[in-house]
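Notes to accompany the following structure.
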Amino acid sequence: MPYTLRPDQGYDIDVESTRYLESHPDTGDRWTLNFGPQHPATHTTLRLVLELDGERVARCTPHIGYLHSGFEKLGEALDYNQYVTIVSRMNYLSPIANDICWHHAVETLFGIEITPRCKVLRTILAELARIQDHLLCIGAAALDLGAITGFLYGFNPREKIYDIMDFVSGQRYHPDWTRVGGAMQDLPDQGTFQRMVKAFCHEDCLPAIKDIETLVNRNRIFMDRTRGIGVLTRQEAIAWSISGPLARSAGVARDLRKDAPYLCYADNWDGQGAPAVRFQVPVCQDGDVYARFLVRIEEIKQSVRIIDQLIDTIPAGPLNAFTDSKMVKPPKGEVYGSIEGLIQHFELIMSNRGWKPPVAEAYGCQETANGELGYFIVSDGGPRPWRVRTRPPSFINYQVMAKLTEGHMLADIVGILGSLNIVAAELDR
Amino acid sequence: MADLLGFVSAQFLVSVLVYAVIVHVLLAGAGYFTYLERKISAYIQDRVGPNRTGFDLGLPFLGFLKGLWGLGQPLADGIKFMLKEDYTPGKVDKVLFTLAPGIVVIPALIGFAVIPWGGVWDCPSFTIPLLNLHVAGGPVQIAALPVNVGVIYMVAVTSLGVYGITLGGWASNNKYSFLGGLRATAQMLAYELPLGISLLVVLLMVGSLLPMDIIRYQEANGWLLLSQPIAAIIFFIAMLAEANRVPFDNAEAESELVGGYHTEYNSMRFALFFLAEYSHLAVSSAFFVLLFMGGFQLLPFINDPLTATGATGLLAVLAKLGVYFGKVLFMVLVIMLVRWTVPRLRYDQVMSTAWQGLIPLSLVVLIATSVAVFFGLPQGFSHVLLLFGGNLVLFVVLWYVVGRLPAYNPNRKIPLLGSRFYPLPGERVDHAPSDPMAREDRPYEGALPTA
């Protein structure tokens, strides 16, 4: 193939040397494989250019940007409520976690303290999103190694989460449920919501996890395929600023829910001394694909534990933080039935007159399924952010891809890529 | 006229008939194996599977054929394959690209020829009316090719299919296809050895290559599955690898190689690969049944009047056919259950399983069996007891010994000395973390709250 990544002059994608390729004579086994962007294992549109020595990966160069959609730039054109529809398209495996995190950042900027009821609901939905993401990832871990059954065991309960999101927000896939200081609407029926969530946790999620564990956890082939593959050490994880299950599987006990608590993970979240929700952060020392798999499974169980603590005691009271009706859209009945409601709706939608954000910068981050998801907002006092910068965990975690794969076999690439749980929409934004 | 047709004998006519019937059963069966596989995978995975494709073909007056548990799915698939554009990508080797599916499918469709599906039939004498040709009766074998090389023919023919896979992969002018073809070749070469050696174990015990002799031996001394379990398991594993089934489906590993050797194929040419795969499944299952599960014998040690080799009536032949097909179906089911349960081995693990595991193990079994055969074995039930016990002892001894051999980590990363992530000794590391926290390796000090 007349393709080389590093011509001698004038091409600066990769300036680092791989002297293995230069010092070892090519015995005819050297070849280049273009892995993706159209490939069943590159979950969406990731592209890896692999220089292989037989089936051994001598050099792996990830090329990103195939799903670039200008999401960050769109943040400058949409107001603080509208942009939630864009952020939920970033990590579409757990959309509502993006919504919650985005408005967490916005509320940090505005200095709004949300109500206890809102905190509880957001915590429950964030944990559901974590389960949603992890179920897909551990299912895909099995799928990428050829065990299709495990994938479907993970996928079936995800349907139930979509049903819950549908019930809460009216949208199955992209709930876009949160708003500044609250949510777009309260629960249609609290009893039904509680019943649905509890049924999901104990009748769908945990049995499915048990099935997957029984199927692959101690499967000799699965362990041979995953143990010692793509090892990330603790120091490397810190140095590459890896977060989330990847870092925790490498021995970095960092979880924003513990280290920078927010929502119901913080003590005294309802203003009356309520303790933080109790859960443990699973940490593994091995840092390989198998460790990531185990950490994710344990996180699902801990998420169910968190939900169990909150679901029966959803506090009553208002959902939205704004007591006056200037910041919150009035109910549809009022919009169509009274002139005050109509005017207020018009003002909020058309002119954003209600918005007075401070001229400031704010960074809000939360622990989502893939790691630390953060939004850095620069406000110039207008109705829209001046600049929004996302800290996407996929983008930062993807940096280690080349490091993890080089030296392994071609088939391991698929397993490593699956264990990183890269979402290309979030990676490229 | 009679001189010209002198080669026509009762055996010839029966062989032609058996071949014609079996090849059609196999072709239809391959279609319904796909249906079976979909249904089994669906039940394993909490799905429904095909359940609404009937035979009504969209015609109103055939409405009563709608549904039928999706049994029309293979037919619909077949029609779809036929009607799709037979597209040949540019820059492929057109001759080989077209030839490859045929090379794959032919061995799969002639491999079963020596299988004695129905044992021996005592054919009466008869005259073919129009030709006025008298055919002398006598015992005939219900097999398409009752030759005396027997099982050697099967081993020889079934391994030919890999030529088609390799050529197809090479002709496709696609790196994934090429890699799939190469993997298939290497895998076939590696697994031919344990397959052949465990076959040798059987031949040593039986002392004949004739399929009927193998069945007669198992009738007298119990199924070889009971008396040679290790050889049977090795044969089964090698059979999976030969048929490119999970966990050895590296040649078409869809998550790594897209589709492997058939990435560039579509329409009927792809269907031929598919057909060959499922025919191969049936043929290897029939082979396994012949060698280790007593062929058409219903149960070990119980010589019921219908399925004993001595029974030569028409009813006995039909009963034997039924039993044989039932066993083949059972083996196919087992292989499908394996497919939907385990992940795929990596390619080097496939190789080391063969060269470091199965081949030495099968050689040990072969030597042990040779010794046992040299000193003579008792007949009947004690034969099975003795050999099963011997296998058990062998297994335990090997388990103990192999567990104490130095372990080999198949997943170790090959350090690419001097690469950007593995600097040479003494070389400055560009990627060393500047953050002091990253350099020190202290355990996490924050106390985790407990439940």
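Of note:
- Taking a Cβ cut-off of under 10 Å around B:Arg346, the surrounding Lys, Arg, Asp and Glu residues balance to a net charge of -3, with basic ones at +1 and acidic ones at -1.
- Whole-Hz ³J(HN,Hα) from phi, Karplus 6.51 cos²θ - 1.76 cosθ + 1.60, for region B:33-49, glycine and proline x: 5, 5, 4, 4, 5, 5, 5, 4, 4, 5, 5, 5, 9, 6, 10, 9, x
- Residue-normalised accessible area of the protein assembly as shown, given per residue in Å² at a 1.4 Å probe: 42 Å²
- For B:Val135, residues with placed amide H under 5 Å, excluding near neighbours: B:Phe126, B:Thr127, B:Ile128
- Relative to one another, the C-alpha centroids of region A:255-285 and region A:102-170 are positioned 18 Å apart.
- Relative contact order, whole percent, for chain A stands at 24, derived from Cα pairs under 8 Å and 6 or more residues apart.
- Accessible surface for B:Leu377 stands near 40 Å², nearest 10, in the context of the full protein assembly shown (1.4 Å probe).
- For chain B, adding -39500 (n - 2.57) for each run of n ≥ 4 DSSP H residues and dividing by the number of residues yields -18000 deg cm²/dmol at 222 nm.
- Efficiency of FRET between B:Phe375 and B:Val396 - r from beta-carbon atoms, R0 30 angstrom, step 0.05: 0.90
- Peptide A:409-416 has a mean shielding of 5, counted as Cβ atoms of other protein chains within 10 Å of each residue's Cβ.
- Chain B packed on chain A takes about 5100 Å² of accessible surface away from a 1.4 Å probe, both sides summed.
- Translational diffusion coefficient (Stokes-Einstein; Kirkwood radius from C-alpha pairs) of chain B at 37 °C, 0.692 mPa s, in µm²/s: 130 µm²/s
- Legend: residue pairs A:Lys73/A:Lys356; A:Lys301/A:Lys403; A:Lys403/B:Lys91; A:Lys160/A:Lys210; A:Lys119/A:Lys160, Cα-Cα distance threshold 25 Å; pairs beyond threshold, A:Lys301/A:Lys403; A:Lys403/B:Lys91.
- Mean Cβ neighbour count within 10 Å, used as a protection proxy, ranking A:174-182, B:132-140, A:93-101 highest first: A:93-101, A:174-182, B:132-140
- Projecting label points 7 angstrom from Cα along Cα→Cβ for A:Glu213 and B:Ala220 puts them 5.5 nm apart.
- Taking amide H as placed 1.01 Å from N in the peptide plane, A:Arg391 has its amide H under 5 Å from the amide H of A:Gly374, A:Tyr375, A:Phe376, each at least 5 places away in sequence or on another chain.
- Peptide A:401-408 - average C-beta neighbours from other chains (10 Å radius): 4
- The HN-Hα couplings worked out from phi for region B:251-261 by the Karplus form 6.51 cos²θ - 1.76 cosθ + 1.60 (θ = phi - 60°) are 5, 10, 2, 6, 7, 9, 10, 6, x, x, 5 Hz, whole numbers, x standing for Gly and Pro.
- Where labels lie 7 Å past Cα in the beta-carbon direction, separation of A:Gln272 and B:Arg52 in nm: 5.2 nm
- For A:Lys258, a cut-off of 12 angstrom between C-alpha atoms picks up these aspartates and glutamates, skipping any fewer than 8 places away in its own chain: A:Asp267, A:Glu367.
- Portion, in percent, of the accessible area of chain A that falls on carbon or sulfur, probe 1.4 Å: 53 percent
- Other-chain or far-sequence residues with amide H under 5 Å of B:Asp249's (modelled H): B:Leu345
- In this Cβ point-charge picture (+1 for Lys and Arg, -1 for Asp and Glu), chain B has a dipole of about 360 debye about its Cα centre.
- Each stretch of four or more DSSP H residues adds -39500 (n - 2.57); spread over every residue of chain A, this sum gives -12500 deg cm²/dmol at 222 nm.
- Radius of gyration (Cα atoms) of the protein assembly as shown, expressed as a multiple of 2.2 N^0.38 Å: 1.14.
- For region A:412-429, backbone nitrogen atoms closer than 13 Å to the point 7 Å from A:Lys73 Cα along Cα-to-C-beta are found at A:429.
- Treating r as the C-beta distance of B:Leu329 and A:Thr44 and R0 as 45 Å, the FRET efficiency rounds to 0.65.
- On the beta carbon distance between A:Thr313 and B:Met268, with R0 = 60 Å, the FRET formula returns roughly 0.40.
- Cα shape, region A:71-428, gyration tensor, a/c 1.5 rule: prolate
- Computed from backbone phi with θ = phi - 60° and the Karplus coefficients 6.51, -1.76 and 1.60, the 3J(HN,Hα) list for region B:269-274 is 5, 5, 4, 5, 4, 4 Hz; x is used for glycine and proline.
- Neighbouring Cβ atoms from other chains, within 10 Å of the Cβ of residues in A:46-59, number 2 on average.
- Cα-projected label distance for B:Ala76 with A:Tyr363, points at 7 Å along beta-carbon direction, nm: 5.5 nm
- Projecting the Cα positions of B:Asn391, A:Ala424, A:Phe346 onto the charge dipole of the protein assembly as shown (unit charges on Cβ atoms of Lys, Arg, Asp and Glu, taken about the Cα centre) puts B:Asn391 furthest along the positive direction.
- Reachable lysines from B:Lys94, criterion Cα separation under 26 angstrom, eight or more residues apart if same chain: B:Lys80, B:Lys84, B:Lys175
The values are calculated or read from the model by the stated rules, or taken from the named source; none is laboratory data. All of these numbers come straight from a predicted model, not from anything done at the bench. Here the Cβ is made from the backbone with ideal geometry for all residues, glycine too, and neighbour counts use every protein chain on show. These area figures cover heavy atoms from the full protein model, side chains too; ligands, DNA and RNA do not enter into them. Shrake-Rupley method; radii C 1.70, N 1.55, O 1.52, S 1.80 Å.
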